[in-house]
Amino acid sequence: MAALAFMAVLTWRVNRLRNPNEIPVRTLNAPDAEDAADTNSLEYRVAMRFWQQGKYTTAFEWFKKAAEAGSVAARYELGKAYLYGRGTPQHFQLAAEQLLQAAQAGHTGAQYLLARMYQNGQGSPQDLMRAYMWLNVAAANGHPTAAFGRDQLRVLLSSEEIQRAQQMSLEWLSERGER
């Protein structure tokens, strides 16, 4: 794996020397690269670099490229960008769509944020049972504050609604083999 990483950096540097003003789109196409492709893809790393520099619009475009290439982490970042209006105009419906895709792929941060959006009625009508369900899923997947949020939400739901939301989370988790 170290040799693969070295070759990727070497290829990137060679491509960079040929055209120093252009960032190469794909340089790492080895089969083993798929294991780390989600946050280790070139598009995602470039997006994060721009994000850290405060160049949110450019980062947003690179996150879109990474998401199109299959990065779940990039979908989460796109969802956050739409939710908070960073690098793009704020758009709750698009945020919910991106977060839903990342949440369904198992991203716990996306599961948590999507739950909060359902709870607040952002991007869709308020749905406290679905919010509870996603908080429960995120908690089961180890999100550090999801259980607390879920427990706070309990006071707003009837016992039947809680039972149904718990059933929805169990079904979701069992379909994906997570519990």
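Throughout, read-outs are computed from the coordinates displayed, never taken from laboratory work. As the structure is a computational prediction, the values presented were derived from the model and not from experiment. Because the Cβ atoms are built from the backbone with ideal geometry, glycine has one as well, and the counts that use them run over all protein chains shown.
Tabulated data for the structure shown
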quantity: Fraction in percent of alpha-carbon pairs per bin - 5 Å, the range 34-105; calculated: 4, 22, 29, 26, 15, 4, 1
quantity: F63, F92 arranged by Cβ crowding within 10 Å, fewest neighbours leading; calculated: F92, F63
quantity: Value in Å of the Kirkwood radius, where the range 107-174 supplies the Cα pairs that are averaged; calculated: 11.4 Å
